[in-house]
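Since the structure comes first, as structure tokens, the remarks are kept for the end.
The values are calculated or read from the model by the stated rules, or taken from the named source; none is laboratory data. Because the structure is a prediction, the values reported are computed rather than measured. All Cβ positions, glycine included, derive from the backbone under ideal geometry; neighbour counts span all protein chains shown.
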Amino acid sequence: MKNYRQKAIETASFLKTCIKKPSEIGILTGTGHGKSAESLDTYASFEYKDIPHFPISTVESHFGRLLIGSMHSRQIIAMQGRLHLYEGYSPADITFPIRVMQELGVKTLILSNASGGLNPDFKAGDIMIITDHINLTGLNPLIGPNEDSWGVRFPDMTRAYDTNLASIAEKAGKDTEIPLEKGVYVGLKGPCLETPAEIRLLRSIGAEAVGFSTVHEVIVAVHAGMKVLGLSTITNVHNPEKPVETTMEEIIAVAKESSLKLASIVNNVIENIT
């Protein structure tokens, strides 16, 4: 049985046959954000199901497509859709695409997600720069034998989200006149949305947005030595004292509505990465 790294190498080798230049930047889009990657000058596109060993997204709002191209002369590999624990995938499955990006030479990772707002000052449609995260999934993608060629056994997470990239994103918000918030993201397993009591707990530990993704991919990206920028679209704001029922359809609609704003920020960031 092939091990995890061998599979990542084989997948990367398959993609290298279509890549004109080494990839520099990886983009991973979240719920309802698939179109935010379409400003890429794409020259190759793959359905996840057609890529060897690649896990397949089962969530309707995730396109399940890999794009290869460029933006502002930067070589980009972009995932339109991600994987989640609630789909039944393991942390290794979820982070497999990040390992493939690592094998392809990616040094910068830009992730987006849709999240529920915990900060009462936020409003639906806001975009938050993730400054830090709290992993409450009870799992970690680095559990098990360490692959020394990929990273150290005990990676430091002090600056999991690159402060320079965050500063570039802040400036991008000013340049594009798109207000940006900043805050801590907390990752849960899902798929059920949070109870009012859970919202109170998450607020009390310093979280300002909550979702079902991102934390595992960031852990692996840091292990891989990548610089990370996380952008979270606030799709709804929780008030545990006056709870309002929310549907996934409503969440996806807000995320889609914000995707053009997100695309403008990402485009500007890539243009100004030095």
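Some observations on this one:
Rundown of residues vs (1) out of contact with any strand residue (DSSP E or B) (no Cβ under 9 Å at 6 or more places or on another chain); (2) among the charged types (D, E, K, R); (3) within 20 Å of Glu87 (Cβ to Cβ), yes/no style:
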site: Ile129; (1), (2), (3): no, no, no
site: Leu136; (1), (2), (3): no, no, yes
site: Pro145; (1), (2), (3): yes, no, no
site: Asn164; (1), (2), (3): no, no, no
site: Ile168; (1), (2), (3): no, no, no
site: Ile199; (1), (2), (3): no, no, no
site: Gly206; (1), (2), (3): no, no, no
site: Ser213; (1), (2), (3): no, no, yes
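- Residues located in the range 226-274, provided they are more than 15 Å from the chain's Cα centre (by Cα), part of a helix (DSSP H, G or I), over 18 Å from Thr131 (Cα atoms) and among the hydrophobic types (A, V, I, L, M, F, W, C): Met248, Ile251, Ile252, Ala253, Val254, Leu260, Ile270
- Any chance Ser264 is hydroxyl-bearing (Ser, Thr, Tyr) and either out of contact with any helix residue (DSSP H, G or I) (no Cβ under 8 Å at 6 or more places or on another chain) or closer than 30 Å to Tyr4 by Cα (or both): no
- Of the residues examined, Thr246 is not one that is modelled with pLDDT of 95 or more and either polar (S, T, N, Q) or more than 24 Å from Asn164 (Cα to Cα) (or both).
- Selection status of Leu118, of a type outside the set (S, T, N, Q), surrounded by 24 or more Cβ atoms within 10 Å (Cβ to Cβ) and at pLDDT 95 or above: yes
- Those residues of the range 176-198 which are among the acidic types (Asp, Glu) and touching a residue at least 12 places away in the same chain (Cβ under 8 Å), in sequence order: Glu181, Glu194
- Matching residues in the range 187-238 - criterion: being among the hydroxyl-bearing types (Ser, Thr, Tyr) and under 23 Å from Ala169 (Cα atoms): Ser213, Thr214, Ser232, Thr233, Thr235
- Among the residues listed as Val152, Val106, Val100, the single one being farther than 18 Å from Ser213 by Cβ, modelled with pLDDT of 95 or more, of a type in the set (Val, Ile, Thr) and within 16 Å of the chain's Cα centre (by Cα): Val106
- Ser149 vs. criteria of a type in the set (Ser, Thr, Tyr) and part of a strand (DSSP E or B): no
- Within the range 211-225, the set of residues being more than 13 Å from the chain's Cα centre (by Cα) and outside any helix (DSSP H, G or I) comprises Ala224, Gly225.
- Restricting the range 236-257 to residues that are over 13 Å from Leu118 (Cα atoms) and of a type in the set (A, V, I, L, M, F, W, C), the residue that is surrounded by the most Cβ atoms within 10 Å (Cβ to Cβ): Ala255
- Subset of the range 7-32 that is closer than 17 Å to Pro55 by Cβ and of a type in the set (Gly, Ala, Ser) - its residue that is surrounded by the most Cβ atoms within 10 Å (Cβ to Cβ): Gly30
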